[in-house]
1. State the extension gain, in nm to one decimal, for the chain segment bounded by residue 149 and residue 25, taking 0.36 nm per residue of separation less the distance between their alpha-carbons.
2. Sort 95, 152 so the one with the fewest other Cβ atoms within 10 Å of its own Cβ comes first.
3. For the chain, what does the helix formula give at 222 nm: sum of -39500 (n - 2.57) over DSSP H segments with n ≥ 4, over the residue count, nearest 500 deg cm²/dmol?
4. What fraction, in whole percent, of alpha-carbon pairs in the stretch 21-148 exceed 27 Å separation?
5. In the stretch 41-154, what percentage of the DSSP-assigned beta bridges are antiparallel, given to the nearest 5?
6. Return the whole-Å distance between the Cα centroid of the stretch 79-154 and the Cα centroid of the stretch 15-54.
C-alpha cells in the first residue's frame, strides 16, 4: 500500500539500561568496568573529617599500560585490603570516580561515550584521557603517599 511502511522491530536495549545492578550476571557486572584504573589508586583518609584524598600511587598489581589488574582473580591473596565491589557494597565507596560505570548506573545516569560498552573499543577510555595511563607511580616506587595527593581521579 502506498504511504505505509513496515514497523521496524524495536532495537533491543543494552543490559545495563534494563537490568538492575543486582540482577546482572558476573560477566555483565565485570564488563561495566571501563578499565580506567582510578579505583586502584591509593587513597588517604583524614581520620578527623573522613575526607578522602586521592593519590597518583597505584596498587602494585595495576599494569600501568593496560590499567588492569595483573592478578585480578587472585588479587586478595596479594593485596589483602583490596576492595571487591559488589552491588550490595557500592555505597560504601563514595571515593569511586564520578565517571565510574558502577556509580553512574547506581545513580540512574548513562555511561559516557568513551566507555567500551558504548564505543565498542577498550582503548577509548585511554584516548579520552579518563584512565590513569601515563599519570601514575607504582607503590614500589614510593612509600610517601602524602606527597602524591592529586585532584584528578575524583
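1. On the way: separation 124, 0.36 × 124 = 44.64 nm, distance 3.58 nm.
Gain on extension, residue 149 to residue 25, equals 41.1 nm.
2. Numbers: 95 18, 152 12.
If I rank by nearby Cβ atoms, fewest first, I get 152, 95.
3. Numbers: 6 runs with 28 residues, N = 154.
Calculated from helices alone, the mean residue ellipticity at 222 nm is -3000 deg cm²/dmol.
4. Numbers: 1391 of 8128 pairs.
Counting pairs separated by more than 27 Å, the tail of P(r) holds 17 percent.
5. Details: 7 of 9 bridges.
Of those bridges, close to 80 percent are antiparallel.
6. 7 Å
Here, each number is a calculation from the coordinates, and none is a lab measurement. As the structure is a prediction and not an experimental result, all values here were calculated from the model. When we count neighbours, we look across all protein chains shown, and the Cβ atoms used for this are built from the backbone with ideal geometry, even at glycine.
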